[in-house]
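Take a look at the structure below.
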Ligand code: CMC
């Protein structure tokens with residue numbers, strides 16, 4: 001049932017068409033164009049999805065003008081302060097926060113699935129020690145589909161949930177093996193008695209024969225960062241995962257497609273790119289030069305960690321992350337890159353170019369400084385983003401697969417190629 005209608009007029013023929021309009025819980029109303037082509041013969045054209053909702057979703061809402069983000073109706077500020085990543089994972093999947101028993105159960109399920117098949121572990125040996133961790137992650141997560149395919153029935157809700165638990169459980173293990181492979185160290189098996197983030201830190205940084213104590217500051221900072229990254233509605237990687245999954249492909253393969261998309265520097269890869277940029281800037285005295293480069297249309301350089309398709313006022317996640325930065329630095333000492341980043345932010349935010357275009361620091365601007373303080377190498381930053389975002393991907397995959405009228409995603413195109421011609425032979 002539509003809430004109202006809009007009329008489309010074809011001025012060439014004088015014909016008019018009525019299109020249904022839906023009101024969303026929040027945000028702009030939507031014109032339903034599903035039957036547009038059938039009724040009018042027209043397609044719509046919207047590269048980059050500037051005005052197009054690719055799906056209906058109950059999971060996450062964000063308001064770019066107000067700088068607001070909510071998972072299942074809960075504001076991100078409250079979730080970051082009061083809830084653990086496991087609670088948020090449960091919330092994204094089930095629409096409600098878990099009670100103590102439900103939390104206990106999801107934590108146990110995830111702990112039970114952390115282990116990787118030994119034969120999967122052999123796969124890592126095929127990668128060079130200096131391969132980018134996102135390349136390894138894409139390949140290894142895709143290869144999970146070789147281990148979980150035949151008995152997996154995506155029409156079975158229990159199988160779908162188990163897939164979600166497996167992905168969230170195995171990603172930190174895969175990330176830690178990837179890291180250990182890069183430094184030539186023996187992999188540490190997961191300790192199921194630890195928290196989700198404690199277990200991950202332990203797998204990453206403990207060494208056989210040495211004691212390793214989990215730092216609660218690091219454990220908490222990582223947990224909040226995973227909460228902040230957990231979902232962001234129909235961003236490029238989530239949309240990629242949905243499109244791949246819409247063909248009913250194996251979900252691990254669909255998640256690998258999402259990971260491939262997230263890797264790009266204009267998406268999740270920006271956190272790694274920010275630290276590279278700060279290294280290139282090097283000193284406060286060079287900031288003006290880089291600001292000028294970012295404004296120069298003939299220069300491909302952009303301020304990494306700045307700007308967002310939806311947020312045109314501020315990114316609420318960036319505000320929270322900046323505060324975690326201070327807490328982490330209190331424990332681990334000051335990082336000169338923080339001072340450089342803050343000065344860069346201050347100068348950019350006063351500049352007419354950035355003000356006019358609504359360009360503000362995004363989630364990736366300060367997160368790398370925290371990861372770096374916790375001991376993660378730069379190449380691992382986007383892997384950390386992946387672990388958090390996988391919670392949202394699984395909620396979206398389940399939502400999409402469960403949709404009663406689900407269809408394969410199949411965009412159309414605006415063909416501007418050559419007209420028909422014959423092969424000259
Ligand atoms: N530095 C300099 N200029 C910029 C920047 C930037 N970081 N971002 C956008 N602009 C300019 C752009 O040149 C354009 O100017 P004009 O109107 O004169 O042509 C205007 O702002 C609008 O940019 P756009 O590319 O049309 O905006 P978009 O919505 O397509 O792109 C974005 C959004 C995030 C890809 C882009 O802002 C960007 O490349 N930022 C740097 C990379 C980054 O930090 N990415 C992380 C995004 S947040 C986390 C995530 O989603 O993964």
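The values are calculated or read from the model by the stated rules, or taken from the named source; none is laboratory data. On a predicted model such as this, the values are computed, not experimentally measured, just so you know. Cβ atoms come from the backbone with ideal geometry, glycine included; neighbour counts cover every protein chain shown.
For this structure, a couple of remarks:
- When residues of segment 354-381 are limited to those that are within 15 Å of the ligand (Cβ to nearest atom), on the phi < 0 side of the Ramachandran plot and assigned to a loop (DSSP other than H, G, I, E, B), the one surrounded by the most Cβ atoms within 10 Å (Cβ to Cβ): 363
- Residue in segment 243-263 that is under 15 Å from the mean Cα position of the chain (by Cα), farther than 21 Å from residue 140 by Cα and in a loop (DSSP other than H, G, I, E, B) present: no
- Against the conditions (1) more than 24 Å from residue 81 (Cβ to Cβ); (2) at pLDDT 95 or above; (3) within 12 Å of the ligand (Cβ to nearest atom); (4) not in a helix (DSSP H, G or I), residue 233 satisfies every one except (1).
- Members of segment 58-67 found to be under 19 Å from residue 23 (Cα atoms) and surrounded by 15 or more Cβ atoms within 10 Å (Cβ to Cβ), listed by number: 59, 60, 61, 62, 63, 64
- Of all residues making up segment 29-57, the number that are in contact with a helix residue (DSSP H, G or I) (Cβ under 8 Å, 6 or more places away or on another chain) and loosely packed, with under 13 Cβ neighbours inside 10 Å: 2
- Cβ pairs under 9 Å, 6+ apart, first in segment 101-123 and closer than 20 Å to residue 146 by Cα, second surrounded by 17 or more Cβ atoms within 10 Å (Cβ to Cβ) and at pLDDT below 95: 114/190; 115/190; 121/187
- Every residue from segment 264-281 that is under 10 Å from the mean Cα position of the chain (by Cα) and free of Cβ contacts under 8 Å to residues at least 60 places away in the same chain: 267
- Annotation for segment 311-332: at least one member residue is surrounded by fewer than 17 Cβ atoms within 10 Å (Cβ to Cβ), touching a residue at least 40 places away in the same chain (Cβ under 8 Å), in a loop (DSSP other than H, G, I, E, B) and within 16 Å of the ligand (Cβ to nearest atom).
- Some residue of segment 393-414 being within 16 Å of the ligand (Cβ to nearest atom), assigned to a helix (DSSP H, G or I) and either within 23 Å of the chain's Cα centre (by Cα) or at pLDDT below 95 (or both): yes
- Pair list, Cβ under 6 Å, 6 or more apart: segment 349-373 residue closer than 14 Å to residue 306 by Cβ and without any contact (Cβ under 8 Å) to a residue 12 or more places away in the chain, other residue within 8 Å of the ligand (Cβ to nearest atom) and in a helix (DSSP H, G or I): none
- Selection status of residue 173, more than 19 Å from the chain's Cα centre (by Cα) and assigned to a helix (DSSP H, G or I): no
- Considering segment 338-353, the residues that are within 16 Å of the ligand (Cβ to nearest atom) and under 24 Å from the mean Cα position of the chain (by Cα) include one that is farthest from residue 276 (Cα to Cα), namely 345.
- Flag: residue 266 does not match the condition of being surrounded by 19 or more Cβ atoms within 10 Å (Cβ to Cβ), over 19 Å from residue 339 (Cβ atoms), at pLDDT 95 or above and within 11 Å of the ligand (Cβ to nearest atom).
- Among the residues making up segment 273-304, those that are within 11 Å of the ligand (Cβ to nearest atom), crowded, with 18+ Cβ neighbours inside 10 Å and either modelled with pLDDT under 95 or not in a loop (DSSP other than H, G, I, E, B) (or both) are 273, 274, 277, 290, 291, 294.
- For the residues 97, 92, the requirement of being within 17 Å of residue 223 (Cα to Cα), outside any helix (DSSP H, G or I) and in contact with a helix residue (DSSP H, G or I) (Cβ under 6 Å, 6 or more places away or on another chain) singles out 97.
- Every condition in (1) in contact with a helix residue (DSSP H, G or I) (Cβ under 8 Å, 6 or more places away or on another chain); (2) under 30 Å from residue 306 (Cβ atoms) holds for residue 233 except the one numbered (1).
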